[in-house]
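Here's the structure, in structure tokens; my notes come after.
Values quoted throughout were computed directly from the atomic coordinates according to the rules given, and no laboratory measurement underlies them. Treat the numbers as computed from the prediction; the structure is a model and nothing was measured. Every residue, glycine among them, receives a Cβ derived from its backbone with ideal geometry; neighbour counts consider all protein chains shown.
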């Protein structure tokens, strides 16, 4: 009987050939150095890339398991494709724009093996210059949405006192802690977890799928653990268009989250989102005369319903 794979690393790719190459090179190096080469499978799910991603994979990474989609079904759906087919004990979701360092995989696996109640764990994400990247937070209840929309959780004293939806203060990243959600850029979990809580929600195209999934994980009495001693470089950023899309998609995913889990509170959520969008429209679009943000938050205001 064939031995079960210990780990499967799943990477979703969409037109990021150059970044994907760097990601795979760093990943393969660490897998070899940590003695995981024969017990780890790398799977890349390509979401209809039009660049040279497929040629790159077929020519230079023949050992990588490749799943090819004709179109782009989204981050959650693509990951689910690979998760459903996985035969590994542990699954590590990794963005194509990441680079992992020494002992990341073995350290995450060690933590996961240390406690059965641990549902998912993730590293600290850092920018290429070593600076901290926001990647954790707490469940988006109405109070936290209120604090976020009115910038209350950014106030110097309150930003450490209030558990925020998006943790921006470095205080929250200073030590190992249990949080409500982690960024999907680098997540480790047991494959069996999906039998208890289900898969990522295919209805969320991008931005917010990890928030919704981690909510179900905690609801099933599993823990979500942030491990700041383990670091992964995440080349997040991109153009203003991408940042704008992220804001719109996050608003959209929050509305969906409430429709799914708290339908009786959807009116209050939309009201808070509209207030937040209007405030940002005035501050950044009108007073600061930033035309792109004026258009962005006008769209966000409309999207909130």
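Give the distance, in whole Å, between the Cα centre of region 154-187 and the Cα centre of region 275-289. Answer, in whole Å: 25. Full extension of the chain between residue 195 and residue 243 gives 13.9 nm of extra length, using 0.36 nm per residue less the Cα-Cα distance. Taken as Cα centroids, region 71-123 and region 45-69 sit 19 Å apart, rounded to the nearest whole angstrom. Using Cα atoms only, what is the angle between the long axis of helix 291-303 and the major principal axis of the chain, expressed in degrees (0 to 90) to the nearest 10? Tilt of helix 291-303: around 90 degrees.
For region 90-142, the equivalent ellipsoid derived from the alpha-carbon gyration tensor has semi-axes of 20, 19, 10 Å in decreasing order. Spacing of the modelled spin labels on residue 155 and residue 84, each 7 Å from Cα toward Cβ, amounts to 4.8 nm. The sum of -39500 (n - 2.57) across all DSSP H runs of n ≥ 4, divided by the residue count of the chain, sets its helix-only mean residue ellipticity at 222 nm to -12500 deg cm²/dmol. Run through every distinct alpha carbon pair of region 1-87 and return the Kirkwood hydrodynamic radius in angstroms, one decimal place. Radius from the Kirkwood sum: 13.4 Å. If you restrict to DSSP beta bridges whose two residues both lie in region 117-259, what percentage is antiparallel, to the nearest 5? Percentage antiparallel, nearest 5: 45. A Cα-only calculation for region 241-303 places Rg and Dmax at 12.3, 38 Å. Taking all Cα pairs closer than 8 Å and separated by 6 or more residues, the relative contact order of the chain comes to 19 percent. Taking Cα atoms only, the orientation of helix 75-85 departs from the longest principal axis of the chain by about 30 degrees. For region 146-305, the Kirkwood estimate of the hydrodynamic radius, built from every pair of different alpha carbons, is 17.4 Å. Note on region 67-169: Rg/Rh from C-alpha atoms, Kirkwood Rh, equals 1.03. Kindly provide log₁₀ I(q)/I(0) values, in the same order as q = 0.08, 0.12, 0.14, 0.16 Å⁻¹, from the Debye equation applied to equal alpha-carbon scatterers of the chain. Log-scaled intensity ratios, in q order: -0.36, -0.82, -1.12, -1.44. Out of all DSSP beta bridges with both ends in the chain, state the antiparallel percent to the nearest 5. Taking every DSSP beta bridge with both residues in the chain, the antiparallel ones total about 35 percent. Less than 19 Å from a label point 7 Å out along the Cα-to-Cβ axis of residue 284: which backbone N atoms in region 119-151 qualify, by residue? Backbone N within reach: 133-136, 145-151.
Angle of helix 17-33 to the longest C-alpha principal axis of the chain, folded into 0 to 90 degrees and rounded to 10: 50°. A Förster radius of 45 Å combined with the Cβ-Cβ distance from residue 33 to residue 266 puts the calculated FRET efficiency at roughly 0.35. Measuring from a point 7 Å past the Cα of residue 223 along Cα-to-C-beta, which residues in region 192-213 have an amide N at less than 18 Å? It comes to 193, nothing else.
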